[in-house]
Amino acid sequence: MKARVRRIFSHLEDGVDLIVFANSTDPHLDLSFLYATGLTDGLFEGCAAFCHPDGGVDIVTSVLEVETAKKSGLPLHPFRTRDEREQAFRKLLRGHRKIGINFAEITRKAAEELRSFAPKAKFFDATQAVVRARLVKDETELARLRKAGRIASRAFEDILPIIRAGRRESEIAADLVYAMQRRGSSGPSFRTIVGSGPNSAEPHYTAGPRKIQKGDFIVIDFGARYEHYCSDVTRTVVVGKASEKQRAIYETVRRAQAQSMKKMRPGVRAKAVDTVARTIIDGTEFKGRFIHGLGHSIGLAVHDGGSMNQSSDIVLRKDMVFTNEPGIYVPGFGGVRIEDDVHITASGPKLLSMAPRQLLEL
Ligand SMILES: [Mn+2]
């Protein structure tokens, strides 16, 4: 994990002598704590990672999680009480003058507490350095992302036989989560979306009581978490025979994805990839109906800090992992989204999700 911490420091100006990732209470936990420590288990509420420029990390952990924390192989500073916790924090902050904290994830309360423990130190925002380091994945991270992608893809195929008219969206969502967990996922990486019929036109709909009807488009957006790493996959199916309009929408989205995917290579601007997909969709009768960005980086978080849209200033690099997810949404009619997780390699894009991409008529 030393290399990860050193990478964060490499994106910071000189003179920074400490970075602290401080967790509050779930869900206000900083995934960068796991990134810096390499831990894949545990909750670590109220705990913190103190990261040093040489890559070393000290963990302040509650005794409750000491056994888990040991797996990191890092020096531990266990506490039983609030006083002991404060002492441990003060000891590790002592002597440091310029301390980076992750403004994007730390709570105001935890930041104020750190300031009070080290009144002479200067605290500053290390968010961008953390995001930039996390954008480029190491081998361990890539292996976990591959596994998360494989679990989700297989689980989708597991549940295809149960998608039929009369089933509720919520049942299909539950079956999908169950299938992913059976295949080794620790849980869904976000709330599963099963949007049928008109609901498929809402990109962030979740899943409700609606019963699937013959002729519906169903947008199924789901992901598995594996050792804390996420997959994020979307497939759109039709129940029964697709209409001509459905086929036209689907094929446009599919073409937008396939063409933009080819551009996902090192050195290409993320914005330019978005442009390829957007130009294809806007060149059809569905102009203006692609109402979100083409993708986002994925890792410990489903949205891992980087975006691939018209406002993005990211240049794709080897070993970044981004989703590619064009969509067309026609209010009142329905929508289509096809989403895959893509590893940028020196030889081009490599798909981490492999569920069938052709229009399935179930
Ligand atoms: Mn996504």
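The values are calculated or read from the model by the stated rules, or taken from the named source; none is laboratory data. Note that the structure is a prediction, hence the values are computed from the model and not measured. Counting neighbours? That spans all protein chains shown, and the Cβs are built from the backbone with ideal geometry, glycine included. All accessible areas refer to the heavy atoms of the entire protein, side chains included, with ligands and DNA or RNA removed. Shrake-Rupley method; radii C 1.70, N 1.55, O 1.52, S 1.80 Å.
Points to keep in mind about this one:
- Filtered by the rule that a residue be at pLDDT 95 or above and more than 14 Å from the ligand (Cβ to nearest atom), segment 320-332 gives MET320, ILE328, TYR329, VAL330, PRO331.
- Members of segment 339-362 that are assigned to a loop (DSSP other than H, G, I, E, B) and farther than 18 Å from SER243 by Cβ: ALA346, SER347, LEU352, SER353, MET354, ALA355, PRO356, ARG357
- If the condition is being open to solvent by 20 Å² or more (accessible area, probe 1.4 Å) and of a type outside the set (A, V, I, L, M, F, W, C), then segment 206-239 contributes THR206, PRO209, ARG210, LYS211, GLN213, LYS214, GLY215, ARG225, TYR226, GLU227, HIS228.
- Here ALA148 fulfils each of the conditions (1) in contact with a Phe, Trp or Tyr (Cβ under 6 Å, 6 or more places away or on another chain); (2) open to solvent by 50 Å² or more (accessible area, probe 1.4 Å); (3) under 30 Å from PRO209 (Cβ atoms) apart from (2).
- Residue list for segment 297-323, restricted to those being free of Cβ contacts under 8 Å to residues at least 60 places away in the same chain and not in a loop (DSSP other than H, G, I, E, B): SER307, MET308, VAL315, PHE322
- Qualifying residue in segment 22-37 (condition: β-branched (Val, Ile, Thr) and surrounded by 24 or more Cβ atoms within 10 Å (Cβ to Cβ)): yes
- Qualifying residues in segment 288-307 (those that are more than 13 Å from the chain's Cα centre (by Cα) and under 18 Å from HIS204 (Cβ atoms)) - the one farthest from the ligand (Cβ to nearest atom): ARG289
- Residue satisfying all of: in segment 249-267; within 21 Å of the chain's Cα centre (by Cα) and open to solvent by less than 60 Å² (accessible area, probe 1.4 Å); nearest to LEU359 (Cα to Cα) among these: GLN257
- The single condition among (1) in contact with a Pro (Cβ under 7 Å, 6 or more places away or on another chain); (2) within 19 Å of ALA133 (Cβ to Cβ); (3) crowded, with 19+ Cβ neighbours inside 10 Å that ASP17 does not satisfy is (3).
- Single match in ALA104, ALA111, ALA126, ALA133 (criterion: of a type in the set (A, V, I, L, M) and touching an Asp or Glu at 6+ places or on another chain (Cβ under 9 Å)): ALA104
- Subset tally (residues that are open to solvent by 60 Å² or more (accessible area, probe 1.4 Å) and either in contact with a helix residue (DSSP H, G or I) (Cβ under 7 Å, 6 or more places away or on another chain) or under 21 Å from ARG108 (Cβ atoms) (or both)) for segment 44-76: 2
- Taking segment 109-145 as the range and being closer than 30 Å to MET354 by Cα and not in a helix (DSSP H, G or I) as the test, the residues that pass are VAL136, LYS137, ASP138.
- Any hit, segment 277-285, residues being touching a residue at least 24 places away in the same chain (Cβ under 8 Å), within 15 Å of the ligand (Cβ to nearest atom) and under 20 Å from the mean Cα position of the chain (by Cα): no
- Qualifying position, being open to solvent by 20 Å² or more (accessible area, probe 1.4 Å) and either within 14 Å of the ligand (Cβ to nearest atom) or modelled with pLDDT of 95 or more (or both), among ARG317, ARG337: ARG317
- Residues of segment 234-270 that are of a type in the set (A, V, I, L, M), assigned to a loop (DSSP other than H, G, I, E, B) and away from the ligand (no atom under 16 Å from the Cβ): VAL239, ALA242, VAL268.
- Among residues of segment 1-10, those that are open to solvent by 10 Å² or more (accessible area, probe 1.4 Å) and not in a loop (DSSP other than H, G, I, E, B), counted: 6
- Odd one out for GLY305, checked against (1) closer than 26 Å to GLY187 by Cα; (2) at pLDDT 95 or above: (2)
- Flag: GLY288 does not match the condition of being assigned to a loop (DSSP other than H, G, I, E, B), open to solvent by 30 Å² or more (accessible area, probe 1.4 Å) and within 30 Å of GLY187 (Cα to Cα).
- Residues being among the basic types (Lys, Arg) and open to solvent by 40 Å² or more (accessible area, probe 1.4 Å) - total across segment 77-87: 2
- Strands (runs of 3 or more DSSP E) completely within segment 11-74 that count 2 or more residues being free of Cβ contacts under 8 Å to residues at least 24 places away in the same chain: 57-62
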